[in-house]
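Reviewing the structure listed below.
Here, each number is a calculation from the coordinates, and none is a lab measurement. Just so you know, these numbers come straight off a predicted model, no measurement behind them. Note that we place each Cβ from the backbone using ideal geometry, even for glycine, and neighbour counts take in every protein chain shown.
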Amino acid sequence: MPPTPQPWPSRPPAPVTADAPEAIARPLLTQSWLDLTFVHWAADPADVAGLLPSGTVPDTLDGVTYVGLVAFRMHRAGWLRLPGVPYLGTFPETNVRLYSVDAHGRRGVVFLSLDASRLVPVAVGRLGFRMPYLWSRMDIRHDGDTVTYTGSRRWPGPRGARSRLTVRKGERITQPTGLEHFLTARWGMHGTFLGRSTYLPNAHPRWPLHRAELVECEEDLVAAAGLPEPAGEPVSVLYSPGVPARFGLPARPGGPRTP
């Protein structure tokens, strides 16, 4: 049976802004994202709409949406204003993500899978927050101006799904293009928690971005997430040394912030 069509937003999508629309004074979560590589392929909105949470539709730029493969090092993830955890809160991660917008015009990302190398955060993310975390063997290696990210899935599956990305960092971007802003300046996450669609806002400093060359890309995480295998070369490859980030209290995509 084909997926039920999602309603289009009742408000226009919010403008894409390089800076967070509002600060988060009382964070629910804090963490830093370091040594990031963003690899993106163009996608037909019809191919991804059925994978988005209720109350959201694909966010598009000139009629096109995107599939992202994002590899990085999570650093000192923590709760509230407590210091981030140095060991359990620090690990490599690679996620497959889509781009969404809800009825209030809030743009966000939707994670289809999040491979991480620490079992305890994976279990907490899956059981406590119903996020699609997966336990994987992972590594990040630097060699001059190149960075290599490797991963092989352990649990729950599909077991053996893997990725190997190598990028060569290029020049610093002083004026990101509209597409580069669209893919990176995302100030919230759409998901489902306890059977209800939610929106989790985030804030962080403006991304320091570099264009990058994709030296190697062998992966089956995108297909394992239920998407068509990427066709052709990616339309965007970016690198960032990273930013500290804060997540605020969740809100419902179609309603007010939850208490």
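Values as computed for the structure displayed
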| quantity | calculated |
| --- | --- |
| Relative contact order (%) - the range 75-127, alpha-carbon pairs under 8 angstrom, separation at least six | 28 |
| Full-stretch length increase - Leu51, Ala18 - with 0.36 nm per residue and alpha-carbon distance subtracted | 9.2 nm |
| Inter-part distance where the range 165-198 and the range 51-95 are each reduced to a Cα centre, Å | 9 |
| The chain: calculated mean residue ellipticity at 222 nm from DSSP helix runs of at least 4, using -39500 (n - 2.57) | -2500 deg cm²/dmol |
| Segment Ala223-Asp44, extension gain: residue separation times 0.36 nm, minus the distance between their alpha carbons | 62.9 nm |
| Extension gain (nm, one decimal) between His142 and Asp62, 0.36 nm per residue minus Cα-Cα | 25.2 nm |
| Neighbour count of at most 15 Cβ within 10 Å plus DSSP loop: longest trypsin sites (Lys or Arg not before Pro)-free window in the chain | 1-80 |
| Percentage relative contact order, the chain, counting C-alpha pairs under 8 Å, at least six apart | 24 |
| For the chain, Kirkwood radius (reciprocal of mean inverse C-alpha pair distance, Å) | 18.5 |
| Candidates Val243, Val215, Val16, ranked by Gaussian network fluctuation over the chain, Cα under 10 Å, top entry | Val215 |
| Pairwise label distance in nanometres, Leu119 with Trp79, each label 7 Å out on the Cα-Cβ vector | 2.2 |
| Anisotropy class of the range 161-259 from Cα gyration tensor, a/c 1.5 cut | oblate |
| Shape call, the range 142-217: gyration tensor on alpha carbons, a/c limit 1.5 | oblate |
| Thr177, Thr148 arranged by Cβ crowding within 10 Å, fewest neighbours leading | Thr177, Thr148 |
| Point-charge dipole on Cβ atoms (K/R +1, D/E -1) for the range 29-247, about Cα centre, debye to 20 | 1080 |
| Dipole in debye (nearest 20) - the range 38-120, about Cα centre, beta carbon charges: Lys, Arg +1; Asp, Glu -1 | 540 |
| Positive dipole terminus of the chain, leading residue within Pro230, Ala71, Pro121 (C-beta point charges) | Pro121 |
